[in-house]
Ligand code: GAR
């Protein structure tokens, strides 16, 4: 089984989808811990209810990004993780951090990358007037929202949509899409060739 560490900053619905799929036996993995950078975030109570160790790391408690990241690296080292899943983790990890887990960090972004990187992706989509939006699961590289794409799912955008209604529609696709990507990773189906991911088709 692959050892998975979840990273989240907010409500934790993607972390929950991954956790539930592990419990149901869909994912050949084991969740070792959850890392959260926001004291009081919903994902912390969720992970506690699953009896999973929670590591809360408040960036404000550290003098530098480097010290903050080193604390996380030291805290998760004992778990010998095969996979770090960023599930609504709203911080950019440095190249140095990523180099410790090369090709072992994946992220979900609520847009069809490479469109709408960064914050408020769903608002960016509404404001751009695109007719199709969606989500992307990708390997993490030092550039924000730029790594090799594993899976994407699309949803329509309607004229009546607001940022919130579109975000809710995209979220219903995020959960199964993220679960499928983690499932493929944990079965060693994914290979990275340059900026491309192979092994995602049935
Ligand atoms: C999700 O929509 C996720 O795609 C997004 O944050 C939300 C977290 O929800 N992530 C990003 O915007 C990353 N840049 P959750 O806490 O319920 O999983």
Diffusion coefficient in µm²/s returned for region 64-131 by Stokes-Einstein, Kirkwood Rh over C-alpha pairs, 25 °C and 0.890 mPa s, is 176 µm²/s
Between residue 75 and residue 189, the FRET efficiency computed from the C-beta separation at R0 = 25 Å comes out, to the nearest 0.05, as 0.25
Region 147-168 scanned against label point 7 Å out from residue 11 along Cα→C-beta; backbone N under 14 Å for 163-168
So the angle from the long Cα axis of helix 65-76 to the longest Cα principal axis of the chain, reported in degrees to the nearest 10, equals 70 degrees
One finds the C-alpha centres of region 3-57 and region 137-193 to be spaced, in Å, by 18 Å
For the chain, longest principal axis from Cα atoms; helix 163-186 axis from its Cα atoms; angle between them, nearest 10 degrees, is 50 degrees
A correct Stokes-Einstein calculation for region 25-104, using the alpha-carbon Kirkwood radius, 25 °C and 0.890 mPa s, returns a whole-number D in µm² s⁻¹ of 181 µm²/s
Burial-style ranking of 148-156, 54-62, 86-94, average other-beta-carbon count within 10 Å with highest first, yields 86-94, 148-156, 54-62
Taking only the alpha carbons of region 1-70, the radius of gyration and the largest Cα-Cα distance, Dmax, both in angstrom, are 12.9, 41
Of 132-141, 98-107, 111-120, ordering from highest average Cβ density within 10 Å down gives 132-141, 98-107, 111-120
The ratio Rg/Rh over the Cα atoms of region 101-202, Rh being the Kirkwood inverse mean 1/r radius, stands at 0.99
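In the chain, what percentage of the DSSP-assigned beta bridges are antiparallel, given to the nearest 5? Mind dumping the intermediate values first?
Values: 14 of 32 bridges.
Expressed as a percentage, antiparallel bridges in the chain total about 45.
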Quotient of Cα radius of gyration and Kirkwood radius for the chain, i.e. Rg/Rh, equals 0.95
per DSSP, antiparallel bridges as share of beta bridges in region 36-154, % nearest 5, sits at 70 percent
Exposure proxy check on 183, 201: fewest-to-most Cβ neighbours within 10 Å is 201, 183
Rounded to 0.05, the calculated FRET efficiency for the beta carbons of residue 96 and residue 165 at R₀ = 45 Å is 0.70
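Here, each number is a calculation from the coordinates, and none is a lab measurement. Everything numeric in this text was worked out from a predicted model, so none of it was measured. Cβ: placed from backbone, ideal geometry, glycine included. Neighbour counts: every protein chain shown.
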